[in-house]
Amino acid sequence: MATTFKTLNSANDVASTRTLLHEAIPLTGTIASGTYDDNNIKTYSHGMFESVYDYPYLSSSANHIFDITTGYASNSSLSGSGVQNSKKLNVYSQMAQVLVGYDATGSIQNFDQDGDIATGGTKINEAIFVNFSRLLTKDEIKKGSFIVSFLTGGTPAARTDTLTLQDHEGATSYKVNSPAGEYGILYTSSSGITADSGVGLVYYQAGVAVLTGSIFDGTMGPGISSGTYDSLATGSTIEVMADSFRNRLVDIDFNNTVELNSTVYFCRASHNEFNYSANPTYLSESQIRVKNSTTDNPVSYVTTVGLYSSDNELLAVAKLSEPLKKDPSTEVTLRVRLDF
Amino acid sequence: MAFLDNSGDIILDAVLTDTGRMRLAKGDGSFKIAKFALGDDEINYELYDKNHASGSAYYDIEIVQSPVLEAFTNNTSMLKSKLMTISRTNLLYLPQIVNNTTVGLSSNNTNSILTVLVDQTTVNDTTITATGDYIDGYRLVDTKSPIVMDQGIVSNAIGDGSSVVLDADLTETQFMIEIDNRFGNIWDGNGAAQATPSFVDDDNVATYYLSTSTNKTYFGKSGTSMSGEVIAGPRGKRLQFLVAPSVDLNSSTYLFTQLGTTATLGSSVYQIDTTVRITGVTTGYRVDLPIRFVKKQ
């Protein structure tokens with residue numbers, strides 16, 4: 001019986017694989033301040049955060065790369081009657097409830113410096129949040145790859161003291177007690193790591209960096225007005241705080257991760273299969289063109305593999321780079337990968 | 001001892017067709033890959049030169065150098081010609097499918113294409129019906145004869161069809177007919193019963209499977225019993241069917257004005273050209289039959 005289809009055996013001909021792909025994402029600080037004269041910085045009338053694009057955001061070519069916002073906890077010493085006090089409280093609470101979760105009483109927990117939430121310890125009560133776009137982080141930030149650098153000292157006009165933060169132990173000792181997935185702790189150095197040396201957190205799947213405000217020891221400000229971090233946090237808007245942060249950013253680097261789930265179909269053409277063709281040019285007056293006599297081997301040339309449903313609907317197609325000769329002296333296994 | 005060249009290791013990245021994506025999106029389990037087929041759409045076997053002066057290694061040199069097109073996602077446009085598995089290697093002739101206009105409906109004399117008159121007004125216009133053969137889309141049973149497709153070996157080199165039967169493993173037992181569901185549907189050769197499509201895909205292409213065991217009214221006399229044959233050699237099955245216009249074409253001019261043209265066929269008419277594709281499920285041999293739907297203006 002002539003046939004054109006071959007059934008795939010689900011036990012032997014189909015395999016599922018999972019592959020993690022990584023891309024390096026370098027974000028230079030001048031993107032966030034300078035390159036486009038802030039035309040790539042989008043602000044909002046609600047003033048809760050500002051967005052950084054990789055190109056002036058009015059252009060259709062622009063891609064959203066991250067958001068910056070800031071806030072403090074209700075038990076922070078900064079909490080009170082400062083500028084946008086309620087909005088800063090709300091931002092902190094919102095980020096904390098998503099990234100840290102609730103305690104047994106249902107109260108929102110604060111960000112913890114060493115990630116050991118249950119035993120208390122030092123909390124990050126004043127924080128700057130950098131929320132990365134899904135476009136950059138994809139499925140997650142690769143653990144141990146996150147590096148961010150700032151100029152933390154001096155004045156807005158003369159910034160000094162580059163401080164580099166990295167999730168130094170992220171690849172091996174990341175935390176798993178967040179409702180938003182895994183996270184690592186940012187340190188200023190890989191040596192001398194203690195429970196009190198963390199200066200921020202990076203949530204790998206959520207794509208959020210939480211930086212403690214205390215790393216800024218100089219005066220801050222987007223330009224003319226300046227003050228310490230604490231004075232700015234109480235006396236300025238979130239937008240001004242975000243501008244100040246941008247002006248001190250040197251760069252951000254990380255690798256993202258894409259989890260690629262693939263199914264590989266092993267399409268096996270045995271020596272006695274697929275040697276003839278239904279191509280209209282295969283026959284001339286019903287005679288096979290590639291044969292002179294009955295003793296000649298039939299020959300066909302494969303250019304395409306089609307994957308079909310049981311009711312013969314074509315669901316997926318793969319192409320070879322060049323025609324592949326198939327005759328009774330050859331067997332071919334074509335591995336066709338379908339990514340999800 | 002040199003290393004083996006493994007650069008030819010073949011891993012192919014597949015793309016989902018539009019139907020594949022549609023089934024995946026449905027989430028009803030209809031996206032399930034169960035089988036595969038191999039195709040050779042880009043290959044022109046006329047380039048196989050059995051008399052190449054440099055010897056047999058060069059017979060297919062033109063073929064293997066054929067560039068291959070990227071995959072595209074329209075399910076009806078890919079895998080148009082499939083490779084076939086026949087366990088025997090000593091075949092020199094393979095059957096084809098031929099439109100038999102001797103006993104079946106022939107093209108209209110005036111426009112030289114199979115023509116379907118879609119409504120009563122068109123059928124009642126004698127200036128139109130006088131132009132030649134047509135399918136009576138108003139009353140299918142009044143159509144002169146059905147579309148007839150004969151399967152067999154065109155050449156009589158391995159025997160005369162009146163006495164030699166086509167090998168059983170090459171004889172079609174099922175045909176697949178595809179037609180744009182917006183324009184028409186498939187009926188049996190007597191115009192008595194409408195066929196049920198197996199599925200209609202995202203491009204509105206309806207696929208009908210007609211089997212010799214369950215759709216007997218679609219098959220005429222076969223093999224050596226075939227009469228009015230156009231195939232000289234061993235014959236397989238004879239498929240006969242009619243194409244009826246869709247309700248849209250019958251009752252409205254919308255599709256004609258959107259997708260068709262106007263012309264004169266006795267009278268001024270709207271017309272839409274499309275193709276009915278007939279494929280032998282056993283051998284994969286396929287014929288595209290041009291067809292024209294005509295409506296009087």
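Read-outs throughout are calculated quantities, based only on the coordinates presented, and are distinct from any laboratory measurement. A quick note: this is a predicted structure, and the numbers were derived from the prediction, not measured. All Cβ positions, glycine included, derive from the backbone under ideal geometry; neighbour counts span all protein chains shown.
Quick notes
- Look at the alpha carbon pairs under 8 Å that are at least 6 residues apart: their mean separation over the length of chain A gives a relative contact order of 20 percent.
- Subset of B:Lys50/B:Lys80; A:Lys326/B:Lys221; A:Lys326/B:Lys80; A:Lys42/A:Lys87 violating a 30 Å alpha-carbon distance limit: A:Lys326/B:Lys221
- Excluding exposed DSSP-loop GluC sites (Glu not before Pro) (at most 16 other C-beta within 10 Å), longest clean stretch of chain A: A:1-168
- When the Cα atoms of the range B:225-294 are aligned to their principal axes, the ranges along those axes come out at 45, 27, 17 Å in descending order.
- Less than 5 angstrom separates the built amide H of A:Ile25 from those of A:Phe254, A:Asn255, A:Asn256, all sequence-distant by 5 or more or on a different chain.
- Calculated mean residue ellipticity, 222 nm, the protein assembly as shown: -3000 deg cm²/dmol, from DSSP H runs (n ≥ 4) at -39500 (n - 2.57) each, averaged per residue and rounded to 500.
- Length gained when the stretch A:Asp217-A:Glu169 is fully extended (0.36 nm per residue, less Cα-Cα span): 14.8 nm
- The distance between label points at A:Val14 and A:Ser270 comes to 2.1 nm (points 7 Å beyond Cα on the Cα→Cβ vector).
- Once you reduce the range A:176-234 and the range B:64-124 to the center of their Cα atoms, the two points are 69 Å from each other.
- A:Asp37-A:Ser189 FRET efficiency (beta carbon distance; Förster radius 30 Å; 0.05 resolution): 0.25
- Close amide H contacts of A:Leu186 (hydrogens built in the peptide plane, cut-off under 5 Å, sequence separation of 5 or more or a different chain): A:Val199, A:Gly200, A:Leu201, A:Val202.
- Helix A:85-99 and the longest principal axis of the C-alpha atoms of chain A enclose an angle of approximately 40°.
- Those aspartates and glutamates that a straight Cα-Cα span of less than 19 Å connects to B:Lys35, excepting residues fewer than 8 apart in one chain: A:Asp13, A:Glu273, A:Asp311, A:Glu313, A:Glu331, A:Asp339, B:Asp13, B:Asp18, B:Asp201
- Only Lys, Arg, Asp and Glu carry charge here, each on its Cβ (+1 for the first two, -1 for the last two); on that basis chain B has a dipole of about 920 debye about its Cα centre.
- Per-residue 3J(HN,Hα) values for the range A:30-40, derived from phi via the Karplus relation 6.51 cos²θ - 1.76 cosθ + 1.60 with θ = phi - 60°, read 5, 5, 6, 8, x, 4, 10, 6, 6, 6, 9 Hz in sequence order (x marks Gly and Pro).
- Eligible aspartates and glutamates near A:Lys88 by straight Cα distance, threshold 12 Å, same-chain separation 8 or greater: A:Glu126, A:Glu239
- Derived scalar couplings between HN and Hα for the range B:50-61 equal 6, 10, 4, 4, 8, x, 5, 5, 9, 4, 10, 4 Hz in order, rounded to whole Hz, by the Karplus curve 6.51 cos²θ - 1.76 cosθ + 1.60 (θ = phi - 60°), x for Gly and Pro.
- Amide hydrogen neighbours beyond the local backbone of B:Asn181, cut-off 5 Å, H modeled: B:Val205, B:Ala206
- Order of B:Ile278, A:Ile117 - criterion: other Cβ atoms within 10 Å of each residue's Cβ, fewest first: A:Ile117, B:Ile278
- Counting only residues at least eight positions apart within a chain, or on another chain, the aspartates and glutamates with an alpha carbon under 12 Å from that of A:Lys138 are A:Glu23, A:Glu259.
- Full-extension gain in nm, B:Leu24 to B:Ser227, via 0.36 nm per residue minus C-alpha separation: 68.3 nm
- Residue-wise HN-Hα couplings along the range A:304-311, as the Karplus relation 6.51 cos²θ - 1.76 cosθ + 1.60 with θ = phi - 60° gives them from phi, are 9, 10, x, 9, 10, 7, 5, 9 Hz; Gly and Pro carry x.
- With each label modelled as a point 7 angstrom along the Cα→C-beta vector, the B:Ile113-A:Val176 pair spans 6.7 nm.
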